[in-house]
1. Where the only charges are on Cβ atoms (+1 Lys, Arg; -1 Asp, Glu), what is the dipole of the chain about its Cα centre, to the nearest 20 debye?
2. Among 16, 51, 78, flag the residue with its Cα farthest along the positive direction of the charge dipole of the range 15-130, charges on Cβ as +1 for Lys/Arg and -1 for Asp/Glu.
3. Using helices alone, what [θ] at 222 nm do you get for the chain, with -39,500 (n - 2.57) per DSSP H run of 4 or more residues, divided over all residues and rounded to the nearest 500?
4. So what are the ³J(HN,Hα) numbers for the range 116-132, from phi and the Karplus equation (6.51, -1.76, 1.60; θ = phi - 60°), rounded to whole Hz, Gly and Pro as x?
5. Run the numbers on the chain and let me know its relative contact order in percent, using alpha-carbon pairs under 8 Å that are six or more apart.
6. Can you compute the FRET efficiency between residue 15 and residue 103 using 1/(1 + (r/R0)^6), with r the Cβ-Cβ distance and R0 = 41 Å? Round to the nearest 0.05.
7. Would you mind ranking 132, 33 so that the residue whose beta carbon has the fewest other beta carbons within 10 Å leads the list?
8. Using θ = phi - 60° and the Karplus curve 6.51 cos²θ - 1.76 cosθ + 1.60, what whole-Hz ³J(HN,Hα) does each residue of the range 27-35 get, with Gly and Pro shown as x?
Amino acid sequence: MTISMAGLPAFLLYFVVGVALIAAFAAIYLRMTVHDEIALIRAGNLSAAVAFGGNLIGFSLPLEKAIAQASSIPDCVLWALAAMVIQFAAYGVARLLIPGLSKKIEEDRLPAAAMLAVIAVISGTLAAASMTV
């Protein structure tokens, strides 16, 4: 049995690009929210952690599909950008469906944060399933 490491450079490249895309999504998302998620999480606010984590998962699901099916790095980035747009739209929908969403997260009201996370994950799952080659 031989072990080939021929795919290692491509693996590393896609992994680094994936991490960079997640970081970019997180940075934009954190600027979009009215509340300071990182400060709230550091202060022990579970709702902020659930909401932020759900959004990261919601973006990571279609990113995973984009990496798996991409024919090139630019192709992967374009699909990831489409997934970002979907996630940002889902956040907008959540704000409409849950009045006072940011205030509720600041007050550590878990039901609002959980619903935001669910909306983000559902959006990400649908975005991933919709990506076809």
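1. 160 debye
2. In the range 15-130, that residue is 51.
3. Taking each H run of at least 4 residues, the total per residue is -27000 deg cm²/dmol.
4. Here the 3J(HN,Hα) series is 4, 4, 4, 4, 5, 5, 4, 4, x, 5, 5, 4, 5, 5, 7, 6, 10 Hz.
5. 34 percent
6. 0.60
7. Ranked by crowding around the Cβ, least crowded first: 132, 33.
8. 4, 5, 4, 4, 7, 6, 6, 6, 8
We did not get these values from a lab; they are worked out from the coordinates using the rules stated. Given the structure is predicted, the values throughout are model-derived calculations rather than measurements. Note: ideal-geometry Cβ built from the backbone for every residue, glycine included; neighbour counts use all protein chains shown.
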